[in-house]
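Here's the structure, in structure tokens; my notes come after.
The values are calculated or read from the model by the stated rules, or taken from the named source; none is laboratory data. Only a predicted model underlies this, so the values are computations on that prediction, with no experimental measurement involved. Positions of Cβ are generated from backbone atoms using ideal geometry, with glycine treated the same way; all protein chains shown enter the neighbour counts. In case anyone asks, the SASA skips ligands and DNA or RNA and just uses the protein heavy atoms, side chains included. Shrake-Rupley method; radii C 1.70, N 1.55, O 1.52, S 1.80 Å.
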Amino acid sequence: MEKPRLIREDGLRHDGRRPNELRPIKISVGVLNKASGSALVEYGATKILAAVHGPREIPLRHLLLPDRAIIRCRYHMLTFSTHERKSPAPSRREIELSKVIRESLEPVVMTEMFPRTAIDIFIEVINADGGTRTASVTAASLALADAGIPMRDIVVGVAVGKVNNVLVLDIDEVEDMFGEADMPVAVAPSLGMITLLQLNGVLTRDEFVEALKLALEGANQIYRLAREALRNSYLKVRVEE
Amino acid sequence: METQEPRRVLVVPGEAIVEGDYKISTPNFIIKVGSKYIATVVGLAQVNEESKELSLIPLEGCYVPQVDDLVIGYVMDVGVTSWEVDIRAPFTATLYAVDFLGRPVNPAREDLGDYLAVGDTILAKVEVFERNRGPILTTKGKGLGKIVHGTVVEISPVKVARVIGRKGSMHQLLEGETGCEVIVARNGRILVRCPNKELEEIVIMAILKIEREAHIPGLTDRVKEFIIREKVKRGLIGGETKTD
């Protein structure tokens, strides 16, 4: 693939977005009926399905903790989610992302309410177009909320990148591939807590401060949408006549 | 529309309900951060400004056992001196043979499978529930013990309060309108015993309707209308059927 023009002459990005603009975001909650909770989240072309089971007792007793629930998280990309077929076996990257996503959710989930149990989160990437880990965090926390598991806040994820020396919000695959830096952030906005912060590439100190500010602004926008989606899943149910 | 004295709002996790000093009646679902009260689950928050009381009715969630809860359980395993019972909680419950039989048991002489086998249904009460051990059930009490007839309907445990209604109004309505015996267990399993099959179908449909529309006001009236309409449809009482 050839490097496209990432920032056009008019200052817009290759897909026509302003640097501080998110991709169109779609969120639906409670899309599956066998799981305790589920959510489908789309950041542009990135599409993530998350399902939550539990809290439940599991046969692997040695894993359980006496004072709180454990969270098990599996991030997985479907074979058709990428340009070339992705092997369904968990890769090094997927194992790492599972851990990173789990750790971004652990601070908000009130696991102490369910000692000796396990909460399972399954995340499937249906279509990957950059920012899958951040969309996964959003989807997983909404699925947890849909399962009725007590949480201190909803966590939302968003990435900030640097392309052609411009800081841009919510980067997609092309910008990630040809850009200079990629910084995924997960935030619990009401608590004012950052639960995930990674940085790939190089940012100066000033750029980092600026990038974090941009990420928090983006996270707040997504947070509003997420809360709205969660509420709508109840308001939608109408009285049958 | 039902008239409500306390203010009711739909909240989601992380949402601040009110600021100030309030008494929390549902501590599992509300936390205090600074001076703000924050909801931890999706639910209906009730704020009573007069008595400064705050509560949250969850709309989603699993059953968390509490002492004295009436539960319907399925026997999952037969042990030497106890049974393991599924009560839809994150934890498996235990029913001791001493409690169920009311006498000491000699494991060498008798097999507990003779009294309760895997798959049997029991109506029990939670006797003890501590954090470091699973819940322990008791069948000592009126009407408790093995269930031998009737049908069990499963609904979401958080909707149980709606099936009972305020001061048992919905429960009375279900029993009164259909003549069925309805036993509502806290873990979202409801036992219905009816004089005939038609009435049983109506009760089950009504219960499922309550579950679906639990958060919409005016539920009792709608359910009453629903039962009457279904009865007319099945020819149990006279009257005109409105076509849907």
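Mean partner shielding of peptide B:13-20, defined as the number of other chain Cβ atoms within 10 Å of each residue Cβ, is 5. In order along the range A:50-64, phi translates into HN-Hα couplings of 10, 10, 10, 10, x, x, 8, 7, 10, x, 7, 4, 5, 7, 5 Hz, rounded to whole numbers, per the Karplus curve 6.51 cos²θ - 1.76 cosθ + 1.60 with θ = phi - 60° and x for Gly and Pro. Once both labels are positioned 7 Å from their Cα atoms along Cα-to-Cβ, the gap between residue B:111 and residue A:166 label points is 7.8 nm.
Assuming a ≥ b ≥ c are the square roots of the Cα gyration tensor eigenvalues, decide whether the range A:71-187 counts as rounded (a/c under 1.5), prolate (otherwise, with a/b larger than b/c) or oblate.
oblate
For the peptide B:31-43, the mean number of other protein chain Cβ atoms found within 10 angstrom of a residue's Cβ is 4. If you roll a 1.4 angstrom probe over the protein chains with everything in place, what fraction of the accessible area of chain A belongs to carbon and sulfur, to the nearest %? Taking all protein chains in place, chain A shows 53 percent carbon and sulfur surface.
Rounded to the nearest whole Hz, the Karplus-based 3J(HN,Hα) values (6.51 cos²θ - 1.76 cosθ + 1.60, θ = phi - 60°) of the range A:218-230 follow the sequence x, 4, 4, 5, 5, 4, 4, 4, 5, 5, 4, 5, 5, with x at glycine and proline. Count the net charge of all other residues whose Cβ sits under 12 Å from the Cβ of residue B:99, scoring Lys and Arg as +1 and Asp and Glu as -1. So the surrounding residues net to +2. The sum of -39500 (n - 2.57) across all DSSP H runs of n ≥ 4, divided by the residue count of chain B, sets its helix-only mean residue ellipticity at 222 nm to -6000 deg cm²/dmol.
Taking amide H atoms as placed 1.01 Å from N in the peptide plane, the amide H of residue A:46 lies under 5 Å from those of A:129, each 5 or more residues away in sequence or on another chain. Contact residues in the range A:53-74 (at least 30 Å² less accessible area with all protein chains than alone, 1.4 Å probe): A:55, A:57. Residues in chain A average 46 Å² of solvent-accessible surface per residue, probe 1.4 Å, ligands and nucleic acids excluded. Projecting label points 7 angstrom from Cα along Cα→Cβ for residue A:112 and residue B:221 puts them 4.5 nm apart.
Could you tell me which of rounded, prolate or oblate describes chain A, using a ≥ b ≥ c as the square roots of the eigenvalues of the alpha-carbon gyration tensor, with rounded for a/c under 1.5 and, failing that, prolate when a/b is larger than b/c and oblate otherwise? Spell out each step's value before the answer.
Working: a/c = 1.70, a/b = 1.57, b/c = 1.08.
Since a/c reaches 1.5 and a/b is larger than b/c, the shape of chain A is classed as prolate.
Only Cα pairs under 8 Å and 6+ residues apart enter the sum, and on that basis the relative contact order of the range B:70-146 stands at 34 percent. Computed from the alpha carbon atoms alone, the convex hull of the protein assembly as shown holds 198 Å³ per residue. Rounded to two decimals, the Cα-based Rg/Rh of the range B:151-233, with Kirkwood Rh, is 0.92.
Computed from backbone phi, the HN-Hα couplings of the range A:110-125 come to 7, 5, 5, 6, 10, x, 6, 10, 10, 10, 9, 10, 10, 10, 10, 8 Hz, rounded to whole numbers (Karplus: 6.51 cos²θ - 1.76 cosθ + 1.60, θ = phi - 60°; Gly and Pro given as x).
The residues of the range B:151-233 expose, per residue, 41 Å² of accessible area to a 1.4 Å probe.
Ratio to report: Rg/Rh of the range B:82-208, with Cα atoms as the point set and Rh obtained by the Kirkwood method; give two decimals. For the range B:82-208, the value is 1.01.
Which of the three applies to the range A:1-130, rounded, prolate or oblate, going by the alpha-carbon gyration tensor with a ≥ b ≥ c and a/c under 1.5 meaning rounded? Prolate. For the protein assembly as shown, the cysteines with no partner cysteine C-beta closer than 4.7 Å are A:73, B:62. Per residue, the accessible area of the range B:7-58 comes to 44 Å², computed with a 1.4 Å probe over protein heavy atoms only.
Given chain B, what whole percent of its Cα pairs are spread farther than 26 Å? Of the Cα pairs, 51 percent sit more than 26 Å apart. Whenever you get a sec, compute what percent of the accessible area on the range B:70-146 sits on carbon and sulfur atoms (1.4 Å probe). Using a 1.4 Å probe with all protein chains present, the range B:70-146 comes out at 48 percent carbon and sulfur. Across chain B, Cα pairs under 8 Å and at least six residues apart give a relative contact order of 14 percent. Which FRET efficiency value, to the nearest 0.05, is calculated for residue A:210 and residue B:68 with the Förster distance at 56 angstrom and r the Cβ-Cβ distance? Efficiency, from the Cβ-Cβ distance: 0.45. With a cap of 14 neighbouring Cβ atoms within 10 Å, and only residues DSSP puts in a loop, list the GluC sites (Glu not before Pro) found in the range A:1-89. Answer by residue number: A:2, A:9, A:84. The long axis of helix A:132-146 is offset from the longest Cα principal axis of chain A by roughly 30 degrees.
Spin-label model, residue B:154/residue A:126: points 7 Å from Cα along the beta carbon direction are separated by 2.6 nm. Computed with a 1.4 angstrom probe on protein heavy atoms, the A-B interface buries about 2800 square angstrom of accessible area in total.
With R₀ set to 25 Å, the beta-carbon distance separating residue A:28 from residue A:91 gives a calculated FRET efficiency near 0.35.
Just tell me how shielded A:106-117 is by partners: mean number of partner chain Cβ atoms within 10 Å of each residue's Cβ, no decimals.
If you average over the peptide's residues, the count of other-chain Cβ atoms is 3.
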